[in-house]
Amino acid sequence: MVVVNPTNQGEPHTRLLDALAATNSSTRLRAALSAGTLGDPGLAQALLARCAVEPDFFVRDMLTWALCRLPSEITVPRLLEELSSATAQARSQALHTLSKIGDRTAWPAVSALLHDAHDDVALSAWRAAVVLVPSGAEGELAADLVEALGRGDHDMQLSLGRALAALGSDASPSLHAAGASRDPRVRAHAAATERLVNDPESSFTLSVEMAKRVAVTGPDS
């Protein structure tokens with residue numbers, strides 16, 4: 001592990017910051033772990049900057065853990081700023097971290113990204129939204145999420161289905177309405193998601209496979 005002396009004010013964590021940008025992913029992972037262990041708010045900006053460019057999933061997850069170890073009054077405002085970044089990964093990782101922190105003051109900014117043009121950002125927004133949605137707004141969130149039915153590949157559709165299923169019965173009216181859509185992809189996705197709402201152990205694949213066939217043969221098949 002990168003060992004840093006937190007009392008050394010002359011060179012504030014220079015070795016750790018260098019290690020966060022090292023070529024070797026294991027070195028970066030250890031540096032992120034060290035940063036979280038130190039829990040120094042002075043590292044917040046460096047951790048956020050690394051989140052935006054870090055290519056390794058496990059390192060990104062450790063960076064999120066390190067940020068969650070810092071005071072939310074330090075991290076949340078900076079994470080909200082990241083949501084307007086031109087870099088998709090910065091937005092996506094900020095959403096993920098906000099969902100782990102669980103500060104519901106982030107809700108307006110999170111809900112604004114539910115239909116982000118970048119798939120990874122939208123996915124992160126869906127997951128964060130079901131965690132941060134204010135009590136009583138679950139139905140409104142479900143209606144917003146339903147607008148994305150039919151979007152993306154199987155994994156993306158499954159993620160949206162799980163997000164809606166996490167809202168439970170609050171998602172049912174919107175899903176029922178989507179079941180009457182003229183778009184067969186939306187109908188198939190809605191049907192698969194309704195099964196998840198009613199039985200989280202049920203199969204999602206078959207209805208989505210039907211949607212895939214529609215995509216190949218055309219909506220009137």
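The values are calculated or read from the model by the stated rules, or taken from the named source; none is laboratory data. This structure is a prediction, so every number in the text was calculated from the model and none was measured. For neighbour counting, all protein chains shown are included, and Cβ atoms are generated from backbone atoms with ideal geometry for every residue, glycine included.
SER99 meets the stated requirement of being within 29 Å of ALA191 (Cα to Cα), among the polar types (S, T, N, Q) and assigned to a helix (DSSP H, G or I). Restricting attention to segment 21-36, the residues that are free of Cβ contacts under 8 Å to residues at least 12 places away in the same chain and hydroxyl-bearing (Ser, Thr, Tyr) add up to 2. Criterion applied to ARG182, ARG195 was being at pLDDT 90 or above and either surrounded by 21 or more Cβ atoms within 10 Å (Cβ to Cβ) or basic (Lys, Arg) (or both), and the one residue passing it is ARG182. Total residues in segment 107-130 satisfying the condition of being closer than 20 Å to SER172 by Cβ and β-branched (Val, Ile, Thr): the figure is 1. Whenever a residue of segment 49-60 is on the phi < 0 side of the Ramachandran plot, its partners that are of a type outside the set (A, V, I, L, M) and in a loop (DSSP other than H, G, I, E, B), lying with C-beta atoms within less than 8 angstrom and at least six residues away or across chains, give the pairs ALA52/SER85; ALA52/THR87; VAL53/THR87; ARG60/GLU54. In the set (1) more than 18 Å from GLN89 (Cβ to Cβ); (2) at pLDDT 95 or above, GLY42 fails one condition alone, (2). Restricting to segment 139-161, name every residue that is touching a helix residue (DSSP H, G or I) at 6+ places or on another chain (Cβ under 7 Å) and under 20 Å from ASP199 (Cβ atoms). Within segment 139-161, ALA142, LEU145, VAL146, LEU149, HIS154, GLN157, SER159, LEU160, GLY161 qualify. Of (1) loosely packed, with under 14 Cβ neighbours inside 10 Å; (2) at pLDDT below 95, PRO12 satisfies all except one. Which? PRO12 satisfies every listed condition except (1).
Within segment 97-120, being under 19 Å from GLU54 (Cβ atoms) and surrounded by fewer than 23 Cβ atoms within 10 Å (Cβ to Cβ) holds for SER99, LYS100, ILE101, HIS118, ASP119, ASP120.
Could you tell me which of the residues ARG78, ARG162, ARG127 is assigned to a helix (DSSP H, G or I), surrounded by fewer than 24 Cβ atoms within 10 Å (Cβ to Cβ), at pLDDT 95 or above and touching a Lys or Arg at 6+ places or on another chain (Cβ under 9 Å)?
ARG127
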